[in-house]
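Since the structure comes first, as structure tokens, the remarks are kept for the end.
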Ligand SMILES: C[S@@+](CC[C@H](N)C(=O)[O-])C[C@H]1O[C@@H](n2cnc3c(N)ncnc32)[C@H](O)[C@@H]1O
Ligand SMILES: [Zn+2]
């Protein structure tokens with residue numbers, strides 16, 4: 001049953017040859033091999049490509065993001081992403097969620113395509129993604145050397161994750177799409193105002209992509225209301241603001257009841 005879902009387009013992160021699968025093991029013609037984990041993902045991040053022991057988001061950030069996203073606070077973003085996919089991509093085209101975290105956005109597309117891949121450098125995140133979302137193909141890997149063959153994906157997401165244009169371009173098919181989601185001006189402004197004396201709005205004037213063609217831009221803006229203080233604490237813990245958190249900030253956040261905060265996303269769709 002599982003063999004029907006084995007992806008054929010992974011490439012070896014050491015020698016770039018195609019990986020074939022048998023007996024729960026991915027192997028290239030040079031005999032580099034990578035075991036499939038019991039949860040179903042494959043770790044394609046060789047030790048020599050790691051710059052720290054546990055690269056990527058740490059366990060606390062990953063768990064906080066899952067708890068927050070599970071409450072549906074970013075549902076309007078999902079709806080817009082699915083609508084864009086339906087507008088531009090042929091159904092059943094291969095999707096990559098690049099920097100997929102714990103798989104929340106990755107798995108949403110299982111309803112419309114059966115070729116959904118997620119890659120992230122954080123093993124913790126990929127492990128829980130793979131455990132929950134059995135129908136997607138997850139791997140541990142780095143965006144700077146994606147473990148996929150050239151010209152495979154029709155649709156790539158980069159959602160609040162590093163954008164590495166050259167690698168995204170390499171694995172995108174001709175005329176394929178890259179969708180980036182980044183914070184727009186007012187994203188989480190009220191939370192930032194609790195942290196910084198002079199909170200700044202996000203600067204959205206820079207376009208990080210040079211070689212692909214920008215075909216559309218959308219803003220998704222709405223107000224979130226947090227009735228439970230856990231939601232606000234999780235929101236803090238899943239963002240880089242967590243590194244600014246102090247005992248007094250946490251105490252202040254815990255005292256906030258019915259706190260409202262802007263969600264403000266910028267979605268850009270590019271084509272190869
Ligand atoms: C802010 S999180 C967003 C996760 C997910 N896209 C979401 O929105 O829920 C950024 C993710 O990028 C991953 N990441 C950072 N640098 C990476 C790299 N070089 N290669 C692969 N993933 C990376 C982190 O581990 C983290 O899971
Ligand atoms: Zn190899």
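Annotations
- Of the numbered criteria (1) at pLDDT 95 or above; (2) outside any loop (DSSP other than H, G, I, E, B); (3) over 17 Å from residue 130 (Cβ atoms), the one residue 48 fails is (1).
- Enumerated helices (runs of 4 or more DSSP H) restricted to the range 118-219, each holding at least 3 residues that are closer than 30 Å to residue 25 by Cβ: 123-132, 165-171
- Single residue of the range 41-61 satisfying the filter (touching a strand residue (DSSP E or B) at 6+ places or on another chain (Cβ under 7 Å) and more than 23 Å from residue 241 (Cα to Cα)) that is nearest to ligand 2 (Cβ to nearest atom): 44
- Residue within the range 119-128 that is in contact with a helix residue (DSSP H, G or I) (Cβ under 9 Å, 6 or more places away or on another chain), more than 24 Å from residue 240 (Cα to Cα), in contact (Cβ under 8 Å) with a residue 40 or more places away in the chain and surrounded by fewer than 21 Cβ atoms within 10 Å (Cβ to Cβ) present: no
- Restricting the range 22-40 to residues that are away from ligand 2 (no atom under 14 Å from the Cβ) and surrounded by 16 or more Cβ atoms within 10 Å (Cβ to Cβ), the residue that is farthest from residue 9 (Cα to Cα): 37
- Just one of (1) within 13 Å of ligand 1 (Cβ to nearest atom); (2) out of contact with any helix residue (DSSP H, G or I) (no Cβ under 9 Å at 6 or more places or on another chain); (3) in contact (Cβ under 8 Å) with a residue 60 or more places away in the chain fails for residue 163. It is (3).
- Set 76, 46: member being closer than 26 Å to residue 180 by Cβ and surrounded by fewer than 20 Cβ atoms within 10 Å (Cβ to Cβ): 76
- Residue satisfying condition, being touching a residue at least 12 places away in the same chain (Cβ under 8 Å), closer than 22 Å to residue 164 by Cβ and either in contact with a helix residue (DSSP H, G or I) (Cβ under 7 Å, 6 or more places away or on another chain) or within 16 Å of ligand 2 (Cβ to nearest atom) (or both), within set 98, 89, 64, 94: 98
- Residues considered: 24, 38, 8. Of these, the only one that is in contact with a strand residue (DSSP E or B) (Cβ under 7 Å, 6 or more places away or on another chain) and free of Cβ contacts under 8 Å to residues at least 24 places away in the same chain is 24.
- Scope the range 5-19; condition away from ligand 1 (no atom under 16 Å from the Cβ), surrounded by 12 or more Cβ atoms within 10 Å (Cβ to Cβ) and closer than 12 Å to residue 149 by Cβ; matching residues: 7, 9, 12, 16, 17, 18, 19
- The lone criterion from (1) touching a strand residue (DSSP E or B) at 6+ places or on another chain (Cβ under 9 Å); (2) modelled with pLDDT of 90 or more; (3) surrounded by 14 or more Cβ atoms within 10 Å (Cβ to Cβ) left unmet by residue 213 is number (3).
So that you can scan it fast, the table gives a plain yes or no per residue for (1) more than 17 Å from residue 99 (Cβ to Cβ); (2) modelled with pLDDT under 95; (3) out of contact with any strand residue (DSSP E or B) (no Cβ under 7 Å at 6 or more places or on another chain); (4) surrounded by fewer than 17 Cβ atoms within 10 Å (Cβ to Cβ):
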site: 131; (1), (2), (3), (4): yes, no, yes, yes
site: 140; (1), (2), (3), (4): no, no, no, no
site: 143; (1), (2), (3), (4): no, no, no, no
site: 150; (1), (2), (3), (4): yes, no, yes, yes
site: 169; (1), (2), (3), (4): no, no, yes, no
site: 172; (1), (2), (3), (4): no, no, no, no
site: 192; (1), (2), (3), (4): yes, yes, yes, no
site: 197; (1), (2), (3), (4): yes, yes, yes, yes
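- Residues of the range 11-21 that turn out to be more than 8 Å from ligand 2 (Cβ to nearest atom) and without any contact (Cβ under 8 Å) to a residue 60 or more places away in the chain, as a count: 2
- Only one entry of 55, 76 meets the criterion of being within 16 Å of ligand 1 (Cβ to nearest atom), more than 19 Å from residue 153 (Cβ to Cβ) and assigned to a helix (DSSP H, G or I), and that entry is 76.
The values are calculated or read from the model by the stated rules, or taken from the named source; none is laboratory data. As the structure is a prediction and not an experimental result, all values here were calculated from the model. FYI the Cβ positions are ideal-geometry reconstructions off the backbone, even for glycines, and counts take in every protein chain you see.
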